[in-house]
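Only one structure is covered here, and it is reproduced in the block below.
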Amino acid sequence: MNERDLAIEMYRQMKLIRRFEEESARAYSMGKIGGFLHLYIGQESVAVGANAAIRPDDYTITTYRDHGLALARGMTSRAAMAELFGKETGCSRGLGGSMHFFDAEHHMYGGHGIVGGHMPLAAGMAFASKYRGEDRVALGFYGEGASSIGATHEAMSLAALWKLPCIFICENNEYAMGTSLERSLSLTDISRKADAYGMAKDRFVADDVFMVRDRIGAAVKRARAGEGPTLIEVRTYRYRGHSMSDPAKYRTKDEVDDAKQRDALYRLQHQLEEDGATAEIEKADAAVEEEVQDAIKFADESADPGPDLLAPTTYKGEFAR
């Protein structure tokens, strides 16, 4: 695929995530989605750029803000939306919800609700790859709020010690729930934490999806060559609250508007339009809209999990039989 076609495809993926999340928010406000809902709006270039830097058989794992990575890796919009609706046709058969997407076919291993708890799993997948003599890499995504969690540092320590093919990607969206970066961390340059483990590091702003691909791609290349892990701090920004229950009043409108001026999705759209790809953009937009509306209809019409699924996954002992 040439760079122009790749740009159009990455635009389509980012637009799909954006529209999927917007319609998820709408469905939540209508009571069709329950529980927690953490939107990825504003961070699309991270998942899409990272996915462009790896192979389909590489490992990925992430936090509870997981819809974007799942869609970028190839999960269908139907399976994703049905999971949000709690339907049996969802990727986790309606049992996981927003925070626990899972797609083994596309090597997307969660969606994890425990802050930082999944980072040892990223190191474990990288260990498995090295142990088996493969050249597959593992990408572990986490937020800056998990950068002080013990499990995160234990994973990095062992990954560096054993030179595991693991890339730790901190999606720094500047707020851990409602607490700003400056109020939660004494060292706001998170990439420098790699120095404690003798690990390679990088740090950049995710306003260009191709730069995300290239910078993460460099770390992937090192990992495949046996040169060990990398900690990458990707500076990004979420436009909505931490979750749907968060009105995000701790930020000013001017701050959010300023961040939107650097929106990677619309930056790529403008670049493509200037390159004469307006027709391709319109075609991609139409296809995305059709896909998202189809996903909503599919989720609406799908069945709830029945007793045959709920009993063995909820109860133990004689009753489950």
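The values are calculated or read from the model by the stated rules, or taken from the named source; none is laboratory data. What you are looking at is a predicted structure, and each value in this text was computed from that prediction instead of being measured. Virtual Cβ from ideal backbone geometry, glycine too; neighbours counted across all protein chains shown.
Pick from 116, 68: which is closer than 27 Å to residue 10 by Cβ and either touching a residue at least 24 places away in the same chain (Cβ under 8 Å) or buried (at least 20 other Cβ atoms within 10 Å of the Cβ) (or both)?
Numbers: 116 fails: closer than 27 Å to residue 10 by Cβ.
So the residue among 116, 68 that is closer than 27 Å to residue 10 by Cβ and either touching a residue at least 24 places away in the same chain (Cβ under 8 Å) or buried (at least 20 other Cβ atoms within 10 Å of the Cβ) (or both) is 68.
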remark   = Within the stretch 145-166, the residues that are hydrophobic (A, V, I, L, M, F, W, C) and either more than 15 Å from residue 113 (Cα to Cα) or in contact with a Lys or Arg (Cβ under 8 Å, 6 or more places away or on another chain) (or both) are 155, 156, 158, 159, 160, 161, 162, 164, 166
request  = May I ask you to verify whether residue 58 is surrounded by 21 or more Cβ atoms within 10 Å (Cβ to Cβ), in contact (Cβ under 8 Å) with a residue 24 or more places away in the chain, in contact with a Phe, Trp or Tyr (Cβ under 8 Å, 6 or more places away or on another chain) and of a type in the set (Asp, Glu)?
outcome  = no
key: Residues of the stretch 106-145 that turn out to be within 19 Å of the chain's Cα centre (by Cα) and among the aromatic types (Phe, Trp, Tyr), as a count   = 3
inquiry  = Of the conditions (1) touching a strand residue (DSSP E or B) at 6+ places or on another chain (Cβ under 9 Å); (2) surrounded by fewer than 23 Cβ atoms within 10 Å (Cβ to Cβ); (3) of a type outside the set (D, E, K, R), residue 50 satisfies every one except a single condition; which number is it?
reply    = (2)
query = In the stretch 163-184, what residues are closer than 19 Å to residue 259 by Cβ and among the hydrophobic types (A, V, I, L, M, F, W, C)?
reply = 170, 176, 177, 181
task = Output the helices (runs of 4 or more DSSP H) that fall wholly within the stretch 14-115 and possess 3 or more residues being under 21 Å from residue 288 (Cβ atoms) and out of contact with any helix residue (DSSP H, G or I) (no Cβ under 8 Å at 6 or more places or on another chain), or say none.
result = none
ask   = Can you name the residue in the stretch 274-321 that is over 21 Å from residue 83 (Cα atoms) and of a type in the set (Lys, Arg) and is also modelled with the lowest pLDDT among such residues?
value = 321
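Within the stretch 163-278, considering only helices (runs of 4 or more DSSP H) that don't extend past its boundaries, which have at least 2 residues that are among the hydrophobic types (A, V, I, L, M, F, W, C)?
Numbers: elements: 181-184, 209-224, 253-260, 264-274.
In the stretch 163-278, 209-224, 253-260, 264-274 are the helices (runs of 4 or more DSSP H) which contain 2 or more residues that are among the hydrophobic types (A, V, I, L, M, F, W, C).
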